[in-house]
Amino acid sequence: MKLRLFLLCLITAASLRAADGLPQFNALMTMGKDHRFVLVSEAGKASPWLRVGAVFEGYTIKGYDTASGGLDLERDGKVTRVMIMSDAATQSSGPASLPSTPATLAEAEEVLRVMHFDEMMSKILDQQKKAISGNMQKMSAQMKMPEEDRERFLKLQQKIIDETMESAMGPELKGEVAKIYSEVFSREELAAQGAFYSTPAGQSMVAKQPQVQEKMMQVMMPKMAQLAPKIQQMARDFAAEMKAKQTAPAPAPAPGTP
């Protein structure tokens, strides 16, 4: 009897240890019909955002039941359903707190790759150069100068624009942005961004971002042009004030001053 009881205790303890090794369902992100999950191991290691079919700590995500909110994990042929933790992060229509693990540069570079960062920035650069050049042509048309000088002025301005934009948004920009992303965002946040940009909606956002930038420039440039006369007048007023101070006679010395 005592032996049976002892064996029962051993079996029960082994079962508890096995149950303890089951990852916890820590976070859920829903985008339409697409679901992503974060699991946390017994040791406290958090996974990136995972899809159905992904493997974490030896467990395969077999399915997600939207009705019950249960996540089916399979290991060694055995499927166990786990429920999301009561204090876990869920993200569907609003912000939520996520597990925070320091990100690596490689993880940030992967997000930029999914975003097609190089292609997106190249399109934005071309559009900004065209918008600024068009604005400079309009401004030069209002300037009183010989046509030959106007052409030379526009060529100089175009050269300045090209060199400035290419310097500010050159090939090294991607590496600098990746470094910033790795410092500002956590591993979980970068994984969530990558998951979103991998969806059709995310890819559409990336593809249309240059169009958004172009329309923003179309709104901003006329406003900046309208301010030009005011700014020029402010500069003239300031120059006149400085010139008046320089030409004003020095104040007479006070009586009794040696």
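Listed values, structure above:
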item	result
Among the residues listed as 144, 179, 155, 159, the single one being touching a Leu at 6+ places or on another chain (Cβ under 7 Å), over 20 Å from residue 219 (Cα atoms) and exposed (fewer than 15 other Cβ atoms within 10 Å of the Cβ)	179
Matching residues, the stretch 100-139, being free of Cβ contacts under 8 Å to residues at least 60 places away in the same chain, small (Gly, Ala, Ser) and surrounded by 13 or more Cβ atoms within 10 Å (Cβ to Cβ)	122, 133
From the options 214, 176, 172, residue that is touching a helix residue (DSSP H, G or I) at 6+ places or on another chain (Cβ under 7 Å), closer than 21 Å to residue 124 by Cβ and of a type in the set (Asp, Glu)	214
Residue, farthest from the chain's Cα centre (by Cα), within the stretch 63-81, restricted to residues that are surrounded by fewer than 16 Cβ atoms within 10 Å (Cβ to Cβ) and hydrophobic (A, V, I, L, M, F, W, C)	79
Sole exception among (1) under 20 Å from residue 215 (Cβ atoms); (2) under 16 Å from the mean Cα position of the chain (by Cα) for residue 105, by number	(1)
Test: residue in the stretch 80-87 that is modelled with pLDDT of 80 or more and out of contact with any strand residue (DSSP E or B) (no Cβ under 6 Å at 6 or more places or on another chain)	no
Sole exception among (1) at pLDDT below 85; (2) assigned by TED's automatic domain parsing to the domain that holds residue 30 for residue 126, by number	(2)
Candidate set from the stretch 39-59 (those that are among the hydroxyl-bearing types (Ser, Thr, Tyr) and within 22 Å of residue 103 (Cβ to Cβ)); member that is modelled with the lowest pLDDT	47
Test for residue 201: is it touching a Ser or Thr at 6+ places or on another chain (Cβ under 6 Å) and either surrounded by 13 or more Cβ atoms within 10 Å (Cβ to Cβ) or not aromatic (Phe, Trp, Tyr) (or both)	no
The stretch 192-216: number of residues that are of a type in the set (D, E, K, R) and under 16 Å from the mean Cα position of the chain (by Cα)	1
Qualifying residue in the stretch 140-155 (condition: touching a residue at least 60 places away in the same chain (Cβ under 8 Å) and outside any loop (DSSP other than H, G, I, E, B))	no
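Rundown of residues vs (1) assigned to a loop (DSSP other than H, G, I, E, B); (2) surrounded by 10 or more Cβ atoms within 10 Å (Cβ to Cβ); (3) at pLDDT 80 or above, yes/no style:
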residue: 3; (1), (2), (3): no, no, no
residue: 9; (1), (2), (3): no, yes, no
residue: 29; (1), (2), (3): no, yes, no
residue: 37; (1), (2), (3): no, yes, yes
residue: 61; (1), (2), (3): no, yes, yes
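The values are calculated or read from the model by the stated rules, or taken from the named source; none is laboratory data. Since the model is a prediction, treat every value here as computed from it, not as a measurement. Every residue, glycine among them, receives a Cβ derived from its backbone with ideal geometry; neighbour counts consider all protein chains shown.
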